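Participant: Structure incoming, see below.
The values are calculated or read from the model by the stated rules, or taken from the named source; none is laboratory data. Treat the numbers as computed from the prediction; the structure is a model and nothing was measured. Heads up, the Cβs are rebuilt from the backbone with ideal geometry, glycines too, and the neighbour counts pull from every protein chain shown.
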Amino acid sequence: MIKIRIHGRGGQGVVIASKILVAAAVFEGKHGNAIPDFTFERRGAPVKAFVRISDEYIMEKTQVYEPNHLIVFDRSIKTVVNFYEGIENGCTLIINSPNPITDFPERIDTIGYVDASKIAIPLFGSPVVNTCMLGAFTKTTNLVSLDSVIYGISEVLENLDDETLEKNIQAAKTGFIGTNIVRKGD
């Protein structure tokens, strides 16, 4: 089972990202579930969501305490949240950062980083980085395809107007292209 924990701030689309990721996995014939954890329901407050993806039916409906994939939308939450807590050995980190990350635990084997804020702000007028970060996740992990993420965006965000939906698809594609990957030992 693939266990993913997503950290960000209220208003960045953390919960929506978890739903899109599950829709992408289901589109590929896998099983998935998304569990939100709002803590404080206000813009800017730390938010996390949990995703499980498996080839088999998933019974567990709890938080992910030991993720093997970690997606961080806003690195500054590190001052209030230990987003590295409980990560498994060989963990993959996907992070919104313009530069390579140097201060990370030894348990992380792969890092995908992209300046998602730089991509999202011109598109949306705010740092709603969720679809961009899913493009980065796709490129870094190959767990679901970019086409499946685009399908998930279309499904989960189906009530958006065509222009906004297209901006989200563009953000995912640009996030995919703009992601740099560093593997332990490189």
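Participant: Among the residues of the stretch 50-58, is there at least one that is in contact with a strand residue (DSSP E or B) (Cβ under 8 Å, 6 or more places away or on another chain) and within 26 Å of D103 (Cα to Cα)?
Facilitator: yes
Participant: Here is a list of conditions, (1) buried (at least 22 other Cβ atoms within 10 Å of the Cβ); (2) out of contact with any Ser or Thr (no Cβ under 7 Å at 6 or more places or on another chain); (3) within 16 Å of V144 (Cα to Cα); (4) not hydrophobic (A, V, I, L, M, F, W, C), and H69 meets all of them except one; can you say which number that is?
Facilitator: (2) is the only condition that H69 fails.
Participant: Looking only at the stretch 10-29, filter to residues that are in contact with a strand residue (DSSP E or B) (Cβ under 7 Å, 6 or more places away or on another chain) and buried (at least 19 other Cβ atoms within 10 Å of the Cβ); which one of those is farthest from S126 (Cα to Cα)?
Facilitator: Per the criteria, the residue is A25.
Participant: Looking at (1) out of contact with any Cys (no Cβ under 9 Å at 6 or more places or on another chain); (2) modelled with pLDDT of 95 or more, find the lone condition where I108 falls short.
Facilitator: Going through (1) out of contact with any Cys (no Cβ under 9 Å at 6 or more places or on another chain); (2) modelled with pLDDT of 95 or more one by one, I108 breaks only (1).
Participant: Could you tell me how many of the residues in the stretch 125-145 are surrounded by fewer than 18 Cβ atoms within 10 Å (Cβ to Cβ), touching a helix residue (DSSP H, G or I) at 6+ places or on another chain (Cβ under 9 Å) and at pLDDT 95 or above? Outline the logic, then answer.
Facilitator: Within the stretch 125-145, the subset surrounded by fewer than 18 Cβ atoms within 10 Å (Cβ to Cβ) is 125-126, 142, 145.
Now restrict to residues that are touching a helix residue (DSSP H, G or I) at 6+ places or on another chain (Cβ under 9 Å): 126, 145.
Those left that are additionally at pLDDT 95 or above: 145.
Adding up the residues that qualify gives 1.
Participant: May I ask you to verify whether P98 is surrounded by fewer than 22 Cβ atoms within 10 Å (Cβ to Cβ) and closer than 22 Å to G175 by Cβ?
Facilitator: Yes.
Participant: Also, quick follow-up: Take the conditions touching a His at 6+ places or on another chain (Cβ under 9 Å), not basic (K, R) and not in a loop (DSSP other than H, G, I, E, B) and apply them to F137. Does it pass?
Facilitator: yes
Participant: For the stretch 76-103, which residues satisfy the criterion of being out of contact with any strand residue (DSSP E or B) (no Cβ under 9 Å at 6 or more places or on another chain) and either part of a helix (DSSP H, G or I) or among the small types (G, A, S) (or both)?
Facilitator: Answer for the stretch 76-103, where residues must be out of contact with any strand residue (DSSP E or B) (no Cβ under 9 Å at 6 or more places or on another chain) and either part of a helix (DSSP H, G or I) or among the small types (G, A, S) (or both): just T79.
Participant: Just checking, does the stretch 30-39 include any residue being among the acidic types (D, E) and assigned to a loop (DSSP other than H, G, I, E, B)? Write out each step before concluding.
Facilitator: Of the residues in the stretch 30-39, the ones among the acidic types (D, E) are 37.
Filter once more, keeping what is assigned to a loop (DSSP other than H, G, I, E, B): none.
No, the conditions are met nowhere in the stretch 30-39.
Participant: Okay, next question. How about the stretch 104-134: which of its residues are part of a loop (DSSP other than H, G, I, E, B) and either among the aromatic types (F, W, Y) or in contact with an Asp or Glu (Cβ under 9 Å, 6 or more places away or on another chain) (or both)?
Facilitator: Listed by number, the residues that qualify are F104, R107, P127, V129.
Participant: May I pose another question? Check off (1) modelled with pLDDT of 90 or more; (2) surrounded by fewer than 19 Cβ atoms within 10 Å (Cβ to Cβ); (3) of a type in the set (G, A, S) for A34 and give me the number that stays unchecked.
Facilitator: (2)
Participant: Just give me the residues in the stretch 145-169 being polar (S, T, N, Q) and either over 14 Å from M133 (Cβ atoms) or in a loop (DSSP other than H, G, I, E, B) (or both), in sequence order.
Facilitator: S145, S148, S154, N159, T164 - these are the residues of the stretch 145-169 that are polar (S, T, N, Q) and either over 14 Å from M133 (Cβ atoms) or in a loop (DSSP other than H, G, I, E, B) (or both).
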